[in-house]
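One structure below.
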Amino acid sequence: MSFLIVNSIASWFLKKRFHQMELFLKYPAEVQNELLLGLIEKAKDTACGKINHFSEINTYEKFARQVPVCRYEEIEPTIERARMGESNIFWPTPIRWFAKSSGTSNAKSKFIPVSEQSLEDCHYAAAKDLLCIYLNNNPESQLFTGKSLRLGGSKQLYRENGTTFGDLSAILIDNMPIWATLSSTPTSKVSLMNDWETKLQAIVNESIKENVTSMAGVPSWMMVLLHQVLETTGKQNLLQVWENLEVYFHGGVSFDPYVDQYKKLIPKSNFKYYEIYNASEGFFAIQDSNHSKDLLLMLDYGVFYEFIPMETYGKSTEKAIPLWEVEIGKNYAIVITTNAGLWRYLIGDTVRFTSLSPYRIKITGRTKHHINVFGEELIIENAEDALRRVCELTSAEIVDYTAGPVFMKGNKKGAHEWIIEFKTPPKDFRKFEALLDHTLKELNSDYEAKRNGNMTLTKPLIHLARARLFYDWLKRHNKLGGQHKVPRLSNSRDYLDELLMMNGGLGV
């Protein structure tokens, strides 16, 4: 009975927030503009504020003129000063945490500032909003009669010069409010274990004793964990382990390649899947419907959004526009200004708007993770959609993949080369290859034009990866667990060539 009371109280408390969301749903431009001016006012006396004359800025137009769009490499020296303990550089309150994320083009790691405000008003606020939205859509939910299986914090935290750095998930777990600690499994001690393979079994050992009602984590790594749960318990599916399991909150990579595998693991017709969009730089969007995968852009988390149309990205005509100028269907690179002191920062993600009232998006990929060597503009969204359709037609299931270009040499035409690891391989691999090529043509007119008559591109070359190839690649690069993943698409052959070498030259 006590769990039912807790469930009722928690549900009532979280649903109250739903009415507060109506403000940014009804007045998105006003909420975003007020938020921006508030951030500028707060940071006007910082070093960054003085350099960019924040005290003179009272409109978005002045902000856009006076503050340049920046990439990580351009602000890295400033961030290093903050990591050494210097304060009041780009944000007035002390920056004590830095989220370490994947490297830039110079192969170094990025250290993204995390302020107290961004922890409370963005990351933790978003976690509550996610539950709020889910409960509003599912009033009969019994979410809080059990616990959430949380997968994250793949690395330990490191402290130096009065600051702390590590995976964002590890920072969130280390600072987790009591309500989140009590409602989740495993314990923080296990979550922050450094060795992924040791931690994996420790998570299983703790979680199988609990009444797990929800799960949260990256689909690829959660899949590894769930198979370990079944292997340890000897059960056939997860409902035999956790009979009250009702929802999986996922993000980090596209869910499309994994959805059929999850449905086999959780054979429950009314089981829910909710996607989120979070990153080291902030928590940005939440799926707000049981049946639509579009993500509601959250506008009151201390993050001001701008967008660069991808047709001008990297060109002399490149220009960032505010939220109220975006259009449905276009592909945009995201630029953010945050309550952790990132000012007009290009985070490297691309999105497409599916709705303007309210503002809903789909994540389409990364500014660097695409193939456009031959003008084909192949983005991750195209690849994921095509693979999903072809897998349905061929009854195949994919574990992981990557693709890159075959460059032209002399009279030799270019091509795309793929290496794919299957859980269930297609019976006819050549048919799979032909269907993938055909489907990519249907989804991407630029790719179709370059493939027309083998004018520029010849048919794709696909290699069958050995079992655990991508897992072994991640392990080699010390990237097991958490948010780590193999880049899906690349304009270079760096990832592809290393994976092919590790594959022993085995292909189809």
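No value in this document is a laboratory result; all are computed from the given coordinates. Values in this document were obtained by computation on a predicted structure and should not be read as measured data. Neighbour counts run over all protein chains shown; Cβ positions are idealised from the backbone, glycine included.
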Return the aspartates and glutamates within reach of K319: Cα separation strictly under 12 angstrom, same-chain partners fewer than 8 residues apart disregarded; answer none if there are no such residues. E306, E311
Hey, what number do you get for the chain at 222 nm if only DSSP H runs of n ≥ 4 count, each worth -39500 (n - 2.57), divided across all residues, to the nearest 500? -10500 deg cm²/dmol
Provide the per-residue ³J(HN,Hα) series for segment 259-272, in order, calculated from phi with Karplus coefficients 6.51, -1.76, 1.60 and θ = phi - 60°, each as a whole number of Hz, with x at glycine and proline positions. 4, 5, 5, 5, 5, 6, 5, 10, x, 9, 5, 9, 5, 10
Using the basic label-point model (7 angstrom from Cα toward the beta carbon), what is the E34 to I321 distance in nanometres? 2.6
Pop the C-beta distance of S87 and E61 into the FRET formula with R0 = 30 Å and round what comes out to the nearest 0.05. 0.45
Okay, which of segment 82-101 sit inside 13 Å, backbone N to the point 7 Å along the Cα-Cβ direction of E120? 93-94
Calculate one ³J(HN,Hα) per residue across segment 139-146 by plugging θ = phi - 60° into the Karplus curve 6.51 cos²θ - 1.76 cosθ + 1.60, and present them in order as whole Hz with x for glycine and proline. x, 8, 4, 10, 3, 8, 7, x
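Please report, in debye to the nearest 20, how large the charge dipole of the chain is about its Cα centre when each Lys and Arg carries +1 at its beta carbon and each Asp and Glu carries -1 there.
Here the chain has a charge dipole of around 860 debye.
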How would you order 308-317, 160-169 from highest to lowest mean count of nearby Cβ atoms within 10 Å? 160-169, 308-317
Under the rule of at least 5 residues apart or a separate chain, name every residue whose amide H is placed under 5 Å from the amide H of V406. A415, H416, E417
Report, in whole Å, the centroid distance computed from the Cα atoms of segment 23-47 and segment 170-202. 34
With Cβ to Cβ distances under 12 Å as the rule, what net charge do the other residues near G38 carry (K, R +1; D, E -1)? -2
Whose amide H sits under 5 Å from the amide H of E275, counting only residues 5 or more places off or on another chain, with H placed in the peptide plane? H250, Q287
Taking +1 at the Cβ of each Lys and Arg and -1 at the Cβ of each Asp and Glu, which of A82, V69, P92 sits farthest along the dipole of segment 58-103 towards its positive end, judged by Cα position relative to the Cα centre? P92
Estimated vicinal HN-Hα couplings, Hz - segment 50-64 in sequence order (Karplus 6.51, -1.76, 1.60; Gly, Pro = x): 6, 4, 9, 6, 4, 5, 9, 8, 9, 9, 4, 4, 5, 4, 5
Cross-link list K26/K293; K427/K459; K189/K479; K427/K450; K315/K412; K128/K235: which exceed 25 angstrom alpha carbon to alpha carbon? K427/K450; K315/K412; K128/K235
Rank W221, I178, P460 by how far each Cα sits towards the positive end of the charge dipole of the chain (+1 on Lys, Arg Cβ; -1 on Asp, Glu Cβ) and give me just the farthest. P460
Which of rounded, prolate, oblate describes segment 380-502, given a ≥ b ≥ c as roots of the alpha-carbon gyration tensor eigenvalues and a/c under 1.5 marking rounded, otherwise prolate only if a/b is larger than b/c? oblate
List the lysines whose Cα lies under 22 Å from the Cα of K50, skipping any in the same chain that are fewer than 8 positions away. K42, K62
Mind listing the long-range amide H neighbours of V335? Cut-off is under 5 Å, sequence gap 5 or more, other chains count too, H placed in the peptide plane at 1.01 Å from N. E306, F307, I308
Hey, if you put +1 on the Cβ of every Lys and Arg and -1 on every Asp and Glu Cβ in the chain, which of V190, T164, I57 ends up farthest toward the positive end of that dipole? V190
Can you give the extra length, in nm with one decimal, that the chain gains between A449 and R466 once fully stretched, where that is 0.36 nm per residue apart less the Cα-Cα distance? 2.8 nm
